[in-house]
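Laboratory data are not the source of any read-out in this text; all were calculated from the coordinates shown. Everything numeric in this text was worked out from a predicted model, so none of it was measured. So basically every Cβ, Gly included, is an ideal-geometry build from the backbone, and we count neighbours across all protein chains shown.
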Number of protein chains: 2
Amino acid sequence: MAKKRRIMLTVSYDGTNYSGWALQSSTPNTVEGVLNRAIHGLTGEDIAVIGASRTDAGVHAYGNVAVFDTCSTIPGDRFSFALNHILPEDVRVVESMEVAPEFHPRHCDTEKTYEYRVLNTKMPVPIRRLYTYHFSMPLDEEKMQEAAEYLVGEHDFTSFCNVESQAASHVRTIKDITVTRNGDEVIISVTGNGFLYNMVRIIAGTLILVGRGKKEPSEVKRMLESRDRKAAGPTAPPEGLFLIKYKFLDGVPTV
Amino acid sequence: MAKKRRIMLTVSYDGTNYSGWALQSSTPNTVEGVLNRAIHGLTGEDIAVIGASRTDAGVHAYGNVAVFDTCSTIPGDRFSFALNHILPEDVRVVESMEVAPEFHPRHCDTEKTYEYRVLNTKMPVPIRRLYTYHFSMPLDEEKMQEAAEYLVGEHDFTSFCNVESQAASHVRTIKDITVTRNGDEVIISVTGNGFLYNMVRIIAGTLILVGRGKKEPSEVKRMLESRDRKAAGPTAPPEGLFLIKYKFLDGVPTV
């Protein structure tokens with residue numbers, strides 16, 4: 001039997017038809033489950049991929065990351081090609097490579113970038129309903145940007161975290177937030193070292209309140225300081241959220 | 001009972017889940033059928049909308065047009081709002097208005113614009129799989145534009161028409177074709193006075209052959225002259241096709 005190797009996959013998916021990334025007994029269709037089955041189909045091995053980010057139901061990704069161990073002799077960079085023949089069309093492995101056996105995508109210093117996309121038109125657009133959050137009232141993206149600045153840096157993000165979060169600490173560092181208008185979309189782009197449960201969607205819901213004039217930008221500072229989920233805005237719906245990319249700050253160790 | 005009035009709808013839809021616009025005994029889910037049922041739900045009348053364009057299964061629209069007659073007292077411009085509460089999310093009435101009773105969207109001089117969208121990237125992108133045709137080999141859009149010029153004007157488009165077409169004449173006038181690259185998409189935009197069965201998809205399939213270097217631009221002239229479907233390229237798949245807009249050249253008569 002060949003030596004055990006660790007393979008890293010960069011995965012792009014349309015989250016519409018999935019109950020999220022993570023396998024749970026009650027969730028019939030998960031991205032993790034689909035990947036495990038496809039790799040099993042290819043190698044015959046029982047596989048449990050380790051995902052970098054457990055995206056919620058309906059959330060999309062361009063670049064989530066997963067690793068798994070295999071004794072197969074398929075070259076690391078060929079898994080992408082081979083798996084894309086087996087996977088459903090809404091999940092694609094955009095890159096695959098062999099990495100050092102000790103590499104674990106959740107035990108690294110990382111920077112993750114998420115985008116939240118708001119379709120800011122009077123009328124919804126059917127072909128975009130699954131990939132944007134439609135918001136019909138005018139949004140002032142400059143005020144949204146002003147509000148977003150208060151979130152940059154290291155903070156306790158309890159106000160911007162689902163109350164069911166089991167994270168030991170709610171302190172995270174947001175490195176950058178930009179709010180830009182691109183045609184008929186308002187795009188909130190957030191980069192940070194880690195995100196709490198629903199954090200980007202609560203940030204989006206809060207910035208939308210500011211953008212429509214229901215809250216002043218400076219109120220975001222007080223929301224943060226209150227460390228109370230009720231102080232911040234609503235959780236924006238999942239279809240607007242995209243995990244854009246993962247950056248491993250110390251690089252990815254290869255073999 | 002109120003006077004009978006004719007209402008015109010401008011309809012945007014995601015064609016993914018429909019077997020096209022037109023009601024047929026064998027097609028369980030059509031845009032036409034969904035509209036008839038929604039208007040029946042609103043007015044209680046038996047409705048058969050008259051559509052301007054019978055788009056194929058999987059083809060999308062921003063601005064298809066339909067008219068119907070009603071004795072209801074709902075103001076013409078309120079049908080949009082009222083129907084959008086009943087219709088599924090993948091069909092939206094973007095505008096509604098009362099028009100003259102003799103207005104028939106297929107018996108007018110019109111200009112229609114279609115777009116065919118090719119995602120020209122090495123790797124497919126899951127969230128765009130339903131709204132573009134993915135083509136991974138490089139495309140030379142300048143050669144495609146050069147080839148497209150041969151199609152502009154009044155021609156017999158038999159070579160660019162599904163052999164099952166029942167049209168009495170295959171002569172149509174293409175007013176304009178542009179092939180542009182917008183980021184990672186190559187967009188073929190075609191405006192004309194009318195289109196034969198599969199005509200835009202066959203034009204797209206042919207221009208893609210030129211773009212990848214399998215045919216010279218000048219060969220399109222010979223394809224057209226041969227009046228033989230086998231002379232042109234393949235029919236490109238439906239998911240890349242969008243009916244963008246209808247222009248009624250003599251205006252829409254109101255009441």
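Overview of values
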quantity: Pairwise FRET efficiency - A:Lys175 versus A:Asp46, Cβ, R0 = 35 Å, nearest 0.05; calculated: 0.35
quantity: Pairwise centroid distance, computed over Cα atoms, of region A:189-255 with region B:208-222, Å; calculated: 49 Å
quantity: Gyration tensor (alpha-carbon) shape descriptor, the protein assembly as shown, a/c threshold 1.5; calculated: oblate
quantity: Cβ-defined net charge surrounding B:Ile244, 10 Å radius [Lys, Arg +1; Asp, Glu -1]; calculated: +1
quantity: Violating pairs (Cα-Cα greater than 28 angstrom) within the set A:Lys143/A:Lys175; A:Lys122/A:Lys221; B:Lys122/B:Lys214; calculated: A:Lys122/A:Lys221
quantity: Calculated FRET efficiency for the pair B:Ala167/B:Lys4, C-beta based, R₀ 45 Å, to 0.05; calculated: 0.90
quantity: Surface/4 estimate of mean projected area, convex hull on alpha-carbon atoms of chain B, nm²; calculated: 14.2 nm²
quantity: Hypothetical label at B:Ala57: residues of region B:9-46 whose amide nitrogen lies under 18 Å (7 Å Cα-Cβ projection); calculated: B:14-34
quantity: Residue-count net charge about A:His85 - beta-carbon cut-off 13 Å; Lys, Arg +1, Asp, Glu -1; calculated: +1
quantity: Within chain A, longest stretch free of exposed GluC sites (Glu not before Pro) [DSSP loop, at most 10 other beta carbons within 10 Å]; calculated: A:1-101
quantity: Cβ-defined net charge surrounding B:His104, 13 Å radius [Lys, Arg +1; Asp, Glu -1]; calculated: -2
quantity: Full-extension gain in nm, B:Thr254 to B:Met137, via 0.36 nm per residue minus C-alpha separation; calculated: 37.2 nm
quantity: Rounded to the nearest 20 debye, dipole of region A:110-245 from Cβ charges on Lys, Arg, Asp, Glu; calculated: 360 debye
quantity: Between region A:124-183 and region B:24-79, the Cα center-to-center distance that results, in Å; calculated: 38 Å
quantity: DSSP-loop trypsin sites (Lys or Arg not before Pro) across region A:1-66, with at most 14 other Cβ within 10 angstrom; calculated: A:Lys3, A:Lys4
quantity: B:Glu149-B:Glu111 FRET efficiency (beta carbon distance; Förster radius 25 Å; 0.05 resolution); calculated: 0.85
quantity: The protein assembly as shown - charge dipole about Cα centre, Lys and Arg +1 at Cβ, Asp and Glu -1, debye rounded to 20; calculated: 420 debye
quantity: Share of pairwise Cα separations in region A:5-107, more than 19 Å, in percent; calculated: 35 percent
quantity: Relative contact order for chain A, counting Cα pairs under 8 Å that sit 6 or more residues apart, in percent; calculated: 24 percent
quantity: Charge-dipole axis of region A:1-150 as Lys and Arg at +1 and Asp and Glu at -1 on Cβ define it, positive-most pick from A:Val34, A:His134, A:Ser12; calculated: A:Val34
